[in-house]
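Asks: I'd like to ask some things about the structure below.
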Amino acid sequence: MSLPTNYLAPSGREEPWRFTPLNRLAGLLDTSVELASTNSLYASALPAGVSIEIKKSSDLGPISSTTDEATLRVRQAAQEVTHVVIAENAEVSERIVLKRNTADGQPEATRVLETAEANSHSTLIIENAGNAILAEDIEFSLATGSTLNLICLQEWGPKTVHLGRQHAVIGKDATFNSTVVTIGGSVVRLLPTVEYSGPGSSAELSGLYFATDGQHLEHRMHVDHNVPNAKSRVNYKGALAGDKARTVWIGDVYIRAAAEGTDTYELNRNLLLTDGARADSVPNLEIETGEIVGAGHASTTGRFDDEQLFYLESRGIPADVARRLVIRGFFQEIVSKIKDEVIEERLMVQIDGELEKVVS
Amino acid sequence: MSTLEIKNLHVSVTTEAGDKEILRGVDLVIKSGETHAIMGPNGSGKSTLAYSIAGHPKYKITSGSVTLDGADALEMRVDERAKAGLFLAMQYPVEVPGVSVTNFLRTAATAIRGEAPKVRTWVGEVKEAMAALNMDPNFAERSVNEGFSGGEKKRHEILQLELLKPKFAILDETDSGLDVDALRIVSEGVNRIKGSSDLGIMLITHYTRILRYIKPDFVHVFAAGRIVEEGGPELADKLEEKGYAEYITA
């Protein structure tokens, strides 16, 4: 296999790839495998104030730079980009729903750009299902005063390999709230990343993941505080159960010298439900100015709290129901951000199912 | 008429230095409608007795028996003991984040009663019980014990006692951490439940203060893992006056 000089596939020794099982990526980083250029996300209906257009990549390029090899491959391979636009001042109360349900699982590359114009308010739900081999570059451009809520669900089938970047460029006084849920898939590696283009901006990155037997679920935050008076909150919660269940959470937060008045906090909590599972949790905070409101991080990895289970059981609640209550309770804080009862219950039922797989 | 019978109960806990015996032969019989106060100094094993009866996995029963109407409670799982009619109001009720009080109460009632309570009557039942304990209705939407004050936690325990209607309640230091008003509300709650049912009570306490509100029929002095003296309510008065000194040095 020969490599082109402008693209060097990772060897696994690089910091960003050292946790990832490179031998399970089904060719997504293999230059001898061609990635099909697809627009596999589709909307069956669009609320007023929202438009979707497929454009040529050469006409609408990326709005951010990256060193992530998977994203660079997407940018090489994707001929087109799905461009979602929320019109200026649009108050879109109905949710924008984009779905993907891949059956055949050919290696594919997809680019998406979502532009939230000034003072628009909207909520976008991306629902991923099926068995895909997907490399994806999604960018969000938030103009002044806009609010964009992203809910991104990975309810993949067991064979999926998904390498995705979800990068937001947040403008002055704009707010980006993202909730990422990863339950399915064989290997999922997502990069929820944020940069700011104006002061007074805010990002909240929330997520939950549940890995069982053999799943590798990886989430790598990167929040680049490059403007003054911006805020960020990160809260990811994970559960692991079963042999060789593996999760990785990286939380990189940079506060640059210019970013005075930054307010940031990140949190990752993991529950190891059985032996044989492994959770890596690495928060990183780099601070170049002391003139900030606050910066902190916390990471915990623990087991089922026996005292919680005893308390519930001592009220007559059988052990399996008690475990389900505790797990649902653990994830409730994240799931409740979705604010859609149907989806929330669907996810909770899947979480129950993941738990039952291992406990029974 | 039910009977909770504890016979020659020996209980150990595992420590780094090996097993340590905490209960050294406890004998006690409680019948429906009776209130027994278990009083003793800190570290005498009162809470161990409470948790051992409820089935906490930390405590190892080395000999003796606990029976409820003749049925071996020690053979039952923790949830089965609750279904059989045992209730432990804990000194330190556990926080369960993300599980709302309303969901918790309903799940527990469903388990204890063997069927889900009817929505229409259940809502009223909970509201009424909460009002009787001076609890804010918003309380139902909060996570179980999370961020509750000491008084709220204890009221929440008594709320469960009221809704789950056990045969026997073990109140473990229910008076600890309560101010006078909260103590009165909680005690009134217990007395109300007792007045409307045949509840048997094991009231574990260090202080005689709560006994001014909840009148015991029997008082047992607990020291070094055993009951060392028994009597009527007058024994509590003696403890109030003289403390536990004679039992500790004995």
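The values are calculated or read from the model by the stated rules, or taken from the named source; none is laboratory data. Just so you know, these numbers come straight off a predicted model, no measurement behind them. Backbone-built Cβ (ideal geometry, glycine too); neighbour counts: all protein chains shown. Remember, those area values only see protein heavy atoms, side chains included, never the ligands or the DNA or RNA. Shrake-Rupley method; radii C 1.70, N 1.55, O 1.52, S 1.80 Å.
Asks: Using beta carbons and a limit of 8 Å, which pairs, at least six apart or on different chains, have the first residue in segment B:1-20 and assigned to a loop (DSSP other than H, G, I, E, B) and open to solvent by less than 20 Å² (accessible area, probe 1.4 Å) and the second one modelled with pLDDT of 95 or more and of a type in the set (S, T, N, Q)?
Replies: Every condition considered, the pairs that remain are B:Ser2/B:Ser32.
So that you can scan it fast, the table gives a plain yes or no per residue for (1) charged (D, E, K, R); (2) within 30 Å of B:Glu157 (Cβ to Cβ):
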residue	(1), (2)
A:Pro283	no, no
A:Ala295	no, no
A:Glu307	yes, yes
A:Leu325	no, yes
A:Arg328	yes, yes
A:Glu333	yes, yes
A:Asp340	yes, no
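Asks: Right, another one. Just to be sure I understand the filter: pairs with C-beta atoms under 7 Å, separated by 6 or more residues or on different chains, first member in segment A:88-109 and under 27 Å from A:Gly130 (Cβ atoms), second member aromatic (Phe, Trp, Tyr) and open to solvent by 60 Å² or more (accessible area, probe 1.4 Å). Which pairs pass?
Replies: Close Cβ pairs satisfying both conditions: A:Leu98/A:Tyr42; A:Lys99/A:Tyr42.
Asks: Report the residue count in segment A:167-178 for those that are open to solvent by 10 Å² or more (accessible area, probe 1.4 Å) and either in a strand (DSSP E or B) or touching a residue at least 40 places away in the same chain (Cβ under 8 Å) (or both).
Replies: Matching residues across segment A:167-178 total 4.
Results for (1) within 14 Å of chain B (Cβ to nearest Cβ); (2) farther than 21 Å from A:Gly184 by Cβ; (3) modelled with pLDDT under 95, shown as yes or no for each residue.
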| residue | (1), (2), (3) |
| --- | --- |
| A:Thr247 | no, no, no |
| A:Tyr254 | no, yes, no |
| A:Ala258 | no, yes, no |
| A:Gly276 | no, no, yes |
| A:Gly296 | no, yes, no |
| A:Glu313 | yes, yes, no |
| A:Gly329 | yes, yes, no |
| A:Glu356 | no, no, yes |
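Asks: Given the residues A:Ala295, A:Ala279, A:Ala322, which is the only one that is in contact with a helix residue (DSSP H, G or I) (Cβ under 8 Å, 6 or more places away or on another chain) and not acidic (Asp, Glu)? Step through it out loud before you land on a result.
Replies: Numbers: A:Ala295 fails: in contact with a helix residue (DSSP H, G or I) (Cβ under 8 Å, 6 or more places away or on another chain); A:Ala279 fails: in contact with a helix residue (DSSP H, G or I) (Cβ under 8 Å, 6 or more places away or on another chain).
Result of the check over A:Ala295, A:Ala279, A:Ala322: A:Ala322.
Asks: Cβ contacts < 6 Å: first residue within 18 Å of B:Lys154 (Cα to Cα), restricted to segment B:188-199; second residue surrounded by 14 or more Cβ atoms within 10 Å (Cβ to Cβ) and of a type in the set (Asp, Glu), any location; separation 6+ or different chain. Result?
Replies: B:Ile193/B:Glu162
Asks: How about segment B:46-140: which helices (runs of 4 or more DSSP H) wholly inside it have at least 1 residues that are more than 18 Å from the chain's Cα centre (by Cα), surrounded by fewer than 21 Cβ atoms within 10 Å (Cβ to Cβ) and within 10 Å of another protein chain (Cβ to nearest Cβ)?
Replies: Output list reads B:101-113.
Asks: Another question, if that's okay. Report whether or not A:Ser58 is open to solvent by 40 Å² or more (accessible area, probe 1.4 Å), under 25 Å from A:Gly12 (Cα atoms) and without any contact (Cβ under 8 Å) to a residue 24 or more places away in the chain. Explain how you work it out, then say what you get.
Replies: On the way: open to solvent by 40 Å² or more (accessible area, probe 1.4 Å): yes; under 25 Å from A:Gly12 (Cα atoms): no; without any contact (Cβ under 8 Å) to a residue 24 or more places away in the chain: yes.
Criteria not met by A:Ser58.
Asks: So, one more: Kindly list the number of the only condition in (1) open to solvent by less than 30 Å² (accessible area, probe 1.4 Å); (2) among the hydroxyl-bearing types (Ser, Thr, Tyr); (3) within 13 Å of chain B (Cβ to nearest Cβ) that fails for A:Thr262.
Replies: (3)
Asks: Let me ask another. Pick out the one residue from A:Glu345, A:Glu307, A:Glu341 that is of a type outside the set (Val, Ile, Thr) and either under 13 Å from A:Lys237 (Cβ atoms) or facing chain B (nearest Cβ under 7 Å) (or both).
Replies: A:Glu307
Asks: Which of the residues spanning segment B:204-218 are β-branched (Val, Ile, Thr), touching a residue at least 60 places away in the same chain (Cβ under 8 Å) and not in a loop (DSSP other than H, G, I, E, B)?
Replies: B:Ile204, B:Thr205
Quick grid of which residues meet (1) within 30 Å of A:Ala129 (Cα to Cα); (2) free of Cβ contacts under 8 Å to residues at least 24 places away in the same chain:
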| residue | (1), (2) |
| --- | --- |
| A:Glu260 | no, no |
| A:Tyr265 | no, no |
| A:Leu271 | yes, no |
| A:Ala277 | yes, no |
| A:Gly294 | no, no |
| A:Thr301 | yes, no |
| A:Phe310 | no, yes |
| A:Glu341 | yes, yes |
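Asks: Please specify each residue of segment A:185-194 satisfying the condition of being open to solvent by 10 Å² or more (accessible area, probe 1.4 Å) and either hydrophobic (A, V, I, L, M, F, W, C) or over 12 Å from the mean Cα position of the chain (by Cα) (or both).
Replies: So the first thing to find is which residues in segment A:185-194 are open to solvent by 10 Å² or more (accessible area, probe 1.4 Å), and the list is A:186, A:191, A:193.
Listed by number, the residues that qualify are A:Ser186, A:Leu191.
Asks: Looking at segment B:22-45, which of its residues are part of a strand (DSSP E or B) and open to solvent by less than 10 Å² (accessible area, probe 1.4 Å)?
Replies: Kept after step one, since they are part of a strand (DSSP E or B), are these residues of segment B:22-45: B:22-31, B:35-39.
Selection gives B:Leu23, B:Val26, B:Leu28, B:Ile30, B:Thr35, B:His36, B:Ala37, B:Ile38, B:Met39.
Asks: A further question on this structure: Look at B:Leu159 and say whether it is closer than 17 Å to B:Tyr92 by Cα and part of a helix (DSSP H, G or I).
Replies: Working: closer than 17 Å to B:Tyr92 by Cα: yes; part of a helix (DSSP H, G or I): yes.
It is true that B:Leu159 is closer than 17 Å to B:Tyr92 by Cα and part of a helix (DSSP H, G or I).
Asks: Restricting attention to segment B:141-159, which residues are open to solvent by 20 Å² or more (accessible area, probe 1.4 Å) and in contact with a helix residue (DSSP H, G or I) (Cβ under 9 Å, 6 or more places away or on another chain)?
Replies: Result: B:Glu141, B:Arg142, B:Ser143, B:Ser149, B:Gly150, B:Glu152, B:Arg155.
Here's the yes/no breakdown for (1) among the hydrophobic types (A, V, I, L, M, F, W, C); (2) touching a residue at least 40 places away in the same chain (Cβ under 8 Å):
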residue: B:Phe139; (1), (2): yes, no
residue: B:Ser143; (1), (2): no, yes
residue: B:Ile158; (1), (2): yes, yes
residue: B:Leu164; (1), (2): yes, yes
residue: B:Phe168; (1), (2): yes, yes
residue: B:Glu173; (1), (2): no, yes
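Asks: Right, something else. Those residues that are open to solvent by 10 Å² or more (accessible area, probe 1.4 Å) and either touching a helix residue (DSSP H, G or I) at 6+ places or on another chain (Cβ under 9 Å) or at positive phi (or both), I need them from segment A:195-211; list them, please.
Replies: Those that are open to solvent by 10 Å² or more (accessible area, probe 1.4 Å) and either touching a helix residue (DSSP H, G or I) at 6+ places or on another chain (Cβ under 9 Å) or at positive phi (or both): A:Gly200, A:Glu204.
Asks: What number of residues within segment A:122-159 are surrounded by fewer than 24 Cβ atoms within 10 Å (Cβ to Cβ) and part of a loop (DSSP other than H, G, I, E, B)?
Replies: 7
Asks: Is it true that some residue in segment B:178-196 is part of a loop (DSSP other than H, G, I, E, B) and exposed (fewer than 15 other Cβ atoms within 10 Å of the Cβ)?
Replies: Checked segment B:178-196: at least one residue is part of a loop (DSSP other than H, G, I, E, B) and exposed (fewer than 15 other Cβ atoms within 10 Å of the Cβ).
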